[in-house]
Structures are given as structure tokens and as C-alpha cells.
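FYI, it's all coordinate maths here, none of it is from the lab. Note that the structure is predicted; figures quoted are calculated from it, not measured. Using ideal geometry, Cβ is built from the backbone for each residue, glycine included, and neighbour counts are taken over all protein chains shown.
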Amino acid sequence: MSQSHFYQPNEGHGLAHNPFNAIIAPRPIGWISTKSKAGVLNIAPYSFFNALNYTPPIIGFSCVGSKKDSLINVQETGEFCWNLVSQDLVEAMNVTSKPLAPNESEFEAAGLETVESQIVNVPRVKASKVSMECKLTEVVQLKSSSGDMVNSWFIMGEVVGVHIDKSLIENGVYSTLKSAPVSRGGGQGDYYTISQENYFELLRPE
């Protein structure tokens, strides 16, 4: 008997819960703040998010299922910010995942204070210890291997400004551990943190 559970996604996975986003996990959270043309602030967490390039630094997040306010705002203004979700901000982050009307601000719903950015015209989360100001580079609607368009859009932005709380810098090195980042798991409410006990060093072979 095979030790492998094999399935073809287009035919169903045959499990109690889709394992795809539990396998690709944990993932950093894309807590994306934007501002509409009308000036309404928006912030929402995206679980399909990551760094994409060093020079210039580019990050990206995927808007899945429909054109959400974040995507519409970025397309209108060409700007957004990424904000670090640390352990002390998870409750506020969770509130911002609630769907609101386009004229309502998740900042207000979650009781989050804002702070102006240096370069882009989009505010950051004041309580977030790391934020990145970004300018849109590309929006790509995803498609299947057969060429059919998918109701998901990948938004990429060049990082043009980085804000780091000085408490996270030790001897000139950014401390990932002290930043206490929260990552997304695969279940409806699965999240992970990091600890010194789980740390190990592995250098690349020369």
C-alpha cells in the first residue's frame, strides 16, 4: 500500500480540510495599508505574501477570490504599505480581516492609530514596529495552465522606504526574534510565532 496520499486538485483532495495552504506554511502576513482616491483608509491582512527580489527590493501579495479594496486602491493610486504583524498586534490584525463597506475604514474598526509615511501618500500602522512604503510595479491576474483567467490578482511593489523600530536593531543587525513576527498557518485560525528554542544556523556551502 502506498505511503503517499495523492490527489489531483481539480478532482478534490479527499480530506477534511484542503491541505494546500497548510503545506505552504507558515507564511508571513501581508498586512497591507492603502488609501482610496477619495481618501478612505484601508488595511487588510493577506496570507499569500512574500519578498520577491533584493535589488530593488520587491514584495508581493495575492488578492484571492475577488477584487478587494486593497487591490482597487493600489490600482488607483499606485501605492501601498506593508506593516509587520507582531504578537501584540494579532487581535487588531484579525479585526481588519472583517469585510467592511468601501467607505468604512478598518483602521477605525480596529482602533489602530496611523502615522504618515515619508515617501508614499499612504499611512502606516503606528504600533507596527516595521513598515515598508511601496510603489506599485505590476498587477498580474493569475491564470491556470490551460490559460483560463483566475479570480486572483498578484500585486507587486517596489519598497521605497523602510521604517524599523530601533529596539529591533542589535549591533547593526535586525533581530527577527525580537520583532516577534506572527505567521499564517493552514487552518481557519492557525497562526505561528518564533522562539529562540526553534532557532538554528545553517550556512551555505562555499
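Descriptive notes on the structure:
- Some residue of region 71-86 being part of a strand (DSSP E or B), within 16 Å of TYR191 (Cα to Cα) and either among the small types (Gly, Ala, Ser) or under 16 Å from the mean Cα position of the chain (by Cα) (or both): yes
- Residues within region 95-106 that are surrounded by 11 or more Cβ atoms within 10 Å (Cβ to Cβ) and either farther than 16 Å from ASN83 by Cα or more than 16 Å from the chain's Cα centre (by Cα) (or both), tallied: 5
- Restricting attention to region 149-182 and to residues that are touching a residue at least 60 places away in the same chain (Cβ under 8 Å) and more than 21 Å from TYR54 (Cα to Cα), the residue that is surrounded by the fewest Cβ atoms within 10 Å (Cβ to Cβ) turns out to be ASN151.
- Candidates VAL140, VAL120, filtered to the one that is surrounded by fewer than 13 Cβ atoms within 10 Å (Cβ to Cβ) and closer than 15 Å to GLY78 by Cα: VAL140
- Unmet criterion (only one of (1) touching a Phe, Trp or Tyr at 6+ places or on another chain (Cβ under 6 Å); (2) over 16 Å from ILE58 (Cβ atoms)) for VAL140: (2)
- Test for LYS67: is it over 18 Å from PRO28 (Cα atoms), free of Cβ contacts under 8 Å to residues at least 24 places away in the same chain and among the basic types (Lys, Arg): no
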